[in-house]
1. Counting pairs on different chains as well as pairs 8 or more places apart, how many Lys pairs in the chain have Cα atoms under 12 Å apart?
2. Roughly how many nanometres apart are two label points built 7 Å out from the Cα toward the Cβ at LYS6 and VAL42?
3. Does segment 41-112 classify as rounded, prolate or oblate by the C-alpha gyration tensor (a ≥ b ≥ c root eigenvalues; a/c under 1.5 gives rounded; else a/b over b/c gives prolate, otherwise oblate)?
4. Mind checking the alpha-carbon convex hull of the chain and giving the volume per residue in Å³?
5. Where is the GNM fluctuation largest for the chain (alpha-carbon springs, 10 angstrom cutoff): ILE13, ILE26, ILE105?
6. Which helices pass in the chain if a helix is a full DSSP H run, must span at least 27 angstrom along its long axis by Cα, and must have mean Kyte-Doolittle hydropathy not below 0.0?
7. Place +1 on the Cβ of every Lys and Arg and -1 on the Cβ of every Asp and Glu in the chain, take the dipole about the Cα centre, and give the residue among ILE143, TYR90, VAL14 whose Cα lies farthest towards its positive end.
8. Who wins for biggest fluctuation among ASP166, ASP55, ASP103 in a Gaussian network model of the chain, springs between alpha carbons below 10 Å?
Amino acid sequence: MKDAKKFLVLKIIVSILFIILGVITIMKPVQVVTIVTWILGVAAIIAGIVFITVDISTATLFLRSGGLLQGVIYIMLGIALIAYPKIGNYLLPLTVGAFLIADSIMRMQIGHVISVAGGRSGLYVIAVLTLILGIVCLFNPMISSEIITTFLGIMLIVEAASSLIDTIYIKKYMKEISDQIIDV
């Protein structure tokens, strides 16, 4: 019970910090975009390495249809994002667009395999929507950058506020639910 209370207090503190981070994200988007640019650069490099590794180690043609190319593109984008974080306002939406387009291609491939196997898949619809969103990010980067950053800030605030409210209610009714809490 004591550990559960400590956890709840920590969760309240983290939720408040995320609300503050969300507000900062909305108020200082340029600085946040720089940080997000660095993070996406590292993520792109890791994703590229994973795609190349999977492509090289996979014996079947199904997954080898573009993993090497996607991996190289991700690594190149990652290096560019890390090298030039100030141009994140352009590169962030371009990178997100590239990720979305690559993801939509992979979804189309998986949807095709499911269809050939006799199944039905809604992945084609999702893939087309993802492809359209990726193209919008590529051709309208400044608006996309503002939207991505603002959306990130709003989502941080909403998620943290929701978590904070849940945690406060759990803390309030701790005695009533103490039988269901197991300290490990």
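Readers should treat all values here as calculations from the given coordinates under stated rules, not as data from a laboratory. For clarity, every value in this text was computed on a predicted model and none was experimentally measured. Because the Cβ atoms are built from the backbone with ideal geometry, glycine has one as well, and the counts that use them run over all protein chains shown.
1. Details: LYS2/LYS171; LYS2/LYS175; LYS5/LYS171; LYS5/LYS172; LYS5/LYS175; LYS6/LYS171; LYS11/LYS171.
Step by step, the pairs that qualify in the chain add up to 7.
2. In this crude label model, LYS6 to VAL42 measures out at 2.8 nm.
3. Oblate, because a/c is 1.5 or more while a/b does not exceed b/c.
4. 179 Å³
5. ILE13
6. Values: long enough: 2-27 (38 Å, 1.83); 29-57 (40 Å, 2.06); 88-116 (41 Å, 1.08); 141-172 (46 Å, 1.09).
Span-like helices, by this rule, are 2-27, 29-57, 88-116, 141-172.
7. VAL14
8. Of ASP166, ASP55, ASP103, the most mobile in the Gaussian network model is ASP166.
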